[in-house]
Each structure stands twice: as structure tokens, then as C-alpha cells.
Amino acid sequence: MSKGNMNRVILFRNGSEIDGKVVALPQSFDALLGAAGEALGVEAKRLFTAKGGEIDDILLIRDDETVYVSCGEPFIERTKCCAGGSCVAVGSTASSRDWVTLNVGGQYFSTTRGTLTTKEPNSMLARMFAGEDSNRLWLSVTDANGAFLVDRSPRYFEPILSYLRHGQLILDKSIDPQGVLEEATFFGIESIVPLLESMIQDEQKPTDNFPLGRRDVISALIKTSHISELRFQGLNLAGADLSRLDLRNINFKYANMQGVKLIGEIGRAHV
């Protein structure tokens, strides 16, 4: 690409032919990803040609070329409106109809119906996308790009979506598991709840062997769902006053219980 030319590129969100943006073609591929993300309001991770070929080098892009910007998902066949208001997919395939886009708190996430429905079939997300008729119930809450609007935190939704994709809970150090737990509870992703509660419990463990007190135990009880087990295995609770507390769902296995007061506690603790 000649430095003397001001080449440009036309950007669309993956799978869309509306609300395109025209930007100057920068000198590097990473700079183009950044410009595309800023122009379209998405986290740009992959770029595709109009025919679905993935672009990995800035030199492969011609002046005035149309480029489709992905948040990491594969190329999605775009739709084109026809006479009478109906829409058909350009070169559509059966698999392309399985893709949906969510607008969660202003951030776009593209995924498949299978991801949203298979692992947690009774969750809110599964009920939204389980069948063809279910989509019609949500048509009133889509944005101008056809993405389903979800008024929740995208920061905490992303690890939940990753969990639904591959069954592994992976959180960046900057992500508070308590926030992810709140979102998981809202969406009804029940299988992830014990994993998050375990993470939260691990973070609450003291860095030294100083014994926990009554206030620490009450704080943990308040933050933990009443239907989940609270794990205090191996913790130092020596001398703590746990009288008249509901200890039925607490696991004290291997904990130091020397001198603990348990007068009038509700239920039996797991020791």
C-alpha cells in the first residue's frame, strides 16, 4: 500500500449490511482492528471479505473494499431485503440460521442457538432461543441491527457465554466472581453457581492462619445462596462464637474447630 494514497475501507458488522462505516485504511492490521471496533462499537477480533475469506494481513485489503467485522465468531452470511419486505440470506446455509447476536449492555456477542440451549436447557437464554416460535416473543426487544437486547452487564456475561460454549469457567483476574454469580443467577445458569461460590469462598480465605470470627462467618452466610453449600474446609475457626447461627449448609471438614461455641446453633454442621 503506497503511503501517498489515502485508501479507505467500508466496515459492516459480521452478518449485517446496514449501518456501515467508512474509515481510512491504516498502516497495520492491529490498527485496523482498533479502528473497526471503535467505528462499530464492538470488540473487533477477526475480519472477513464479502465472500467469507478471513483477512489476516492489511496488504490483502483493496481500496474501498467491504470488510465484515467479527467479535471472534465465524463468518455469518449476511441478509438482504427483497421486495415485499422479506429477507433472504446471501448464500445462506442451514448452519448460518443457527447464529444469533445479542446486544448485552451495548456490547455485541454472536453465538449459536445450540450454545445457548444445550448445556442449560431450563435457563432463561434457552427459553429465549429454544425454538423458532420463541424468537417471535423477543422481536420487540431487538436493536436496529436485529440483535436481541439484554439489559445486563457485558463484563460479567462474557465468561458465562464462554462457559456455555466449552464447559470451562475461566475468569480474568480483573473479573469479580461475585458479579458473574449475580448474572448467572439472573439467567438461570445453575451448573455454574457452585463453581463461582467456590471461587468466592477461596478469595475470602485469609492469607495467614489468623482465626476467623463470628462476623466473618455471618458475612459469608449473607453472601451465599441458601440452597448452596458453604465450604469452610481447612479454615481456622478456633474460639469463634457460632452460637444461634444456621450452620446446616456449611462444610467444616478439616477446619480447626478448637474452642468453637456452638450453643443453640440451627441444624447440624458438616464436619
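What the table shows:
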| item | result |
| --- | --- |
| Condition broken by G167, with the remaining ones in (1) closer than 24 Å to A126 by Cβ; (2) surrounded by 13 or more Cβ atoms within 10 Å (Cβ to Cβ); (3) in contact (Cβ under 8 Å) with a residue 40 or more places away in the chain satisfied | (2) |
| Residue match in the stretch 233-245 (condition: under 30 Å from G188 (Cα atoms), at pLDDT 80 or above and crowded, with 16+ Cβ neighbours inside 10 Å) | yes |
| Selection count, the stretch 54-77, where residues are open to solvent by 30 Å² or more (accessible area, probe 1.4 Å) and either assigned to a strand (DSSP E or B) or of a type in the set (K, R) (or both) | 3 |
| Qualifying residue in the stretch 38-53 (condition: part of a helix (DSSP H, G or I), of a type in the set (D, E) and out of contact with any Gly (no Cβ under 6 Å at 6 or more places or on another chain)) | yes |
| Filtered residue count, the stretch 212-267, keeping only those that are in contact (Cβ under 8 Å) with a residue 12 or more places away in the chain and either in a strand (DSSP E or B) or over 23 Å from V193 (Cα atoms) (or both) | 32 |
| Lone qualifier among S174, S228 - being among the small types (G, A, S), surrounded by 13 or more Cβ atoms within 10 Å (Cβ to Cβ) and under 30 Å from M124 (Cα atoms) | S228 |
| Which numbered condition G15 misses (of (1) more than 19 Å from N145 (Cα to Cα); (2) part of a loop (DSSP other than H, G, I, E, B); (3) open to solvent by less than 30 Å² (accessible area, probe 1.4 Å)) | (1) |
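The values are calculated or read from the model by the stated rules, or taken from the named source; none is laboratory data. For clarity, every value in this text was computed on a predicted model and none was experimentally measured. Neighbour counts are summed over all protein chains in view; Cβ atoms, including those assigned to glycine, are modelled from backbone coordinates with ideal geometry. Ligands, DNA and RNA are stripped out before the accessible areas are found, and what is left, the full protein with its side chains, is counted by its heavy atoms. Shrake-Rupley method; radii C 1.70, N 1.55, O 1.52, S 1.80 Å.
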